[in-house]
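**Q** Submitted below is the structure of interest, expressed as structure tokens.
The values are calculated or read from the model by the stated rules, or taken from the named source; none is laboratory data. Please read all numbers here as calculations on a predicted model, not as lab measurements. Methodologically, a virtual Cβ is constructed for each residue, glycine included, from the backbone with ideal geometry; neighbour enumeration extends over all protein chains shown.
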Amino acid sequence: MHPRLKLTVWWLLALLLAAGFAGLGAWQSRRAVEKQAMLDEAAHVLAHRMPGPLSAAADPARARAVEWAAGEGRFDARGPLWLDNQQRDGRVGVRAYRIFISTDGTSLLVELGWLPLPGDRALPAIERPDGVVAVRGLLSPPPSAGLAIGPALAAQGEGWLMARVDVADVARQTGLSVPLAPRVLRLDPDVPFGYARDLVLLSNTLPPEKHRGYAVQWFALALTVLATALILTFRRKTR
């Protein structure tokens, strides 16, 4: 191969690699900004706790927003849902969910809290409060799913084990005749039923500072590739 052609190919590869690293850095930076904005919004909401209606959970225009909501309704008779691979205080467990139908007809998932998972991975029983109950808590997007690999949920006994919270799949596989709201209700820890819980939004995913750290690393790799290409080019010319 002609030296100039070889050099051109080398630079094209270097530029493509650097662009790829820079793209990953930009993505990590965007995720940091998005998550920080969500945390700031949640802090404001939790400081005031001005309740809105549960029907707000079904507003597609507010699907990524965080709001305080309260209302009444019944827990659906369908089985429980367990979100797998959830950690709390260094212990592995599941987050318990049930479908809730508010008095205004809104269907949404309610997070009841966290339960430990024994060594044999026997899924714990999840209570279903009877009758009309009052609920309140934080309306927020479902927990971050990361890479969506494989099915979102699978039937397990009387309920469903979820690898991630996909409300469309939950509605389809549980046989709901109406769509589920895109946001879930994270119960106020003071509500007198459910399990161990808090209102920390990013307990099982990367916080903004981690995304910023990864962004710096990807941008540094992009600069390293370009610097290496320049050094090798000048050395070649010197020879």
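**Q** Mind checking which residues of the stretch 92-102 are basic (Lys, Arg) and modelled with pLDDT of 95 or more?
**A** The one that is basic (Lys, Arg) and modelled with pLDDT of 95 or more: 98.
**Q** Answer yes or no as to whether residue 95 is of a type in the set (D, E, K, R) and assigned to a strand (DSSP E or B).
**A** Numbers: of a type in the set (D, E, K, R): yes; assigned to a strand (DSSP E or B): yes.
Yes: the conditions hold for residue 95.
**Q** State all residues of the stretch 77-106 that are surrounded by fewer than 16 Cβ atoms within 10 Å (Cβ to Cβ), under 18 Å from residue 134 (Cβ atoms) and of a type in the set (D, E, K, R); if no residue qualifies, say none.
**A** To start, the set of residues in the stretch 77-106 that are surrounded by fewer than 16 Cβ atoms within 10 Å (Cβ to Cβ) comprises 77, 85, 87, 89-92, 103-105.
If we keep only those that are under 18 Å from residue 134 (Cβ atoms) as well, we get 103-105.
Scanning the stretch 77-106 gives a single hit, 104.
**Q** Looking at 119, 131, which is the one that is at pLDDT below 95, surrounded by fewer than 22 Cβ atoms within 10 Å (Cβ to Cβ) and on the phi > 0 side of the Ramachandran plot?
**A** Matching residue, one of 119, 131: 131.
**Q** Can I ask one more? Quick check on the stretch 60-75. Is at least one of its residues assigned to a helix (DSSP H, G or I) and under 21 Å from residue 189 (Cβ atoms)?
**A** In the first step, residues of the stretch 60-75 are kept if they are assigned to a helix (DSSP H, G or I); the result is 60-62.
Of the ones still in play, those that are also under 21 Å from residue 189 (Cβ atoms) are none.
Checking the stretch 60-75: not a single residue is assigned to a helix (DSSP H, G or I) and under 21 Å from residue 189 (Cβ atoms).
**Q** Among the residues of the stretch 159-186, which ones are free of Cβ contacts under 8 Å to residues at least 40 places away in the same chain and either under 23 Å from residue 134 (Cα atoms) or part of a helix (DSSP H, G or I) (or both)?
**A** 168, 169, 172, 173
**Q** Related question: Identify the single condition in (1) among the acidic types (Asp, Glu); (2) assigned to a loop (DSSP other than H, G, I, E, B); (3) in contact with a Leu (Cβ under 9 Å, 6 or more places away or on another chain) that residue 111 does not satisfy, given that it satisfies every other one.
**A** Result: residue 111 passes all but (2).
**Q** Next up: Please determine whether any residue of the stretch 131-140 is within 29 Å of residue 41 (Cβ to Cβ), touching a Lys or Arg at 6+ places or on another chain (Cβ under 7 Å) and not in a strand (DSSP E or B).
**A** Scanning the stretch 131-140 turns up no residue that is within 29 Å of residue 41 (Cβ to Cβ), touching a Lys or Arg at 6+ places or on another chain (Cβ under 7 Å) and not in a strand (DSSP E or B).
Each row is one residue, and each column tells you yes or no for (1) buried (at least 16 other Cβ atoms within 10 Å of the Cβ); (2) of a type in the set (A, V, I, L, M); (3) more than 26 Å from the chain's Cα centre (by Cα); (4) modelled with pLDDT of 85 or more.
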| site | (1), (2), (3), (4) |
| --- | --- |
| 195 | yes, no, no, yes |
| 200 | no, yes, no, no |
| 203 | no, no, no, no |
| 208 | yes, no, no, no |
| 227 | no, yes, yes, yes |
| 232 | no, yes, yes, no |
| 235 | no, no, yes, no |
| 238 | no, no, yes, no |
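**Q** Another question, if that's okay. Given the structure, is residue 166 at pLDDT 90 or above and touching a Lys or Arg at 6+ places or on another chain (Cβ under 7 Å)?
**A** no
**Q** Could you list, in sequence order, the residues of the stretch 64-91 that are out of contact with any strand residue (DSSP E or B) (no Cβ under 7 Å at 6 or more places or on another chain) and at pLDDT 90 or above?
**A** Within the stretch 64-91, just 77 meets the criteria.
**Q** Continuing with this model, one more query. Of all residues in the stretch 105-160, which are hydroxyl-bearing (Ser, Thr, Tyr) and within 17 Å of residue 88 (Cβ to Cβ)?
**A** Matches in the stretch 105-160: 144 only.
**Q** Additional query: Enumerate the pairs (first residue in the stretch 91-103 and at positive phi; second residue anywhere and buried (at least 24 other Cβ atoms within 10 Å of the Cβ) and modelled with pLDDT of 95 or more) with beta-carbon separation below 6 Å, excluding pairs fewer than 6 apart on the same chain, so at least 6 apart or on different chains.
**A** Going by the 6 Å Cβ cut-off, there are no qualifying pairs.
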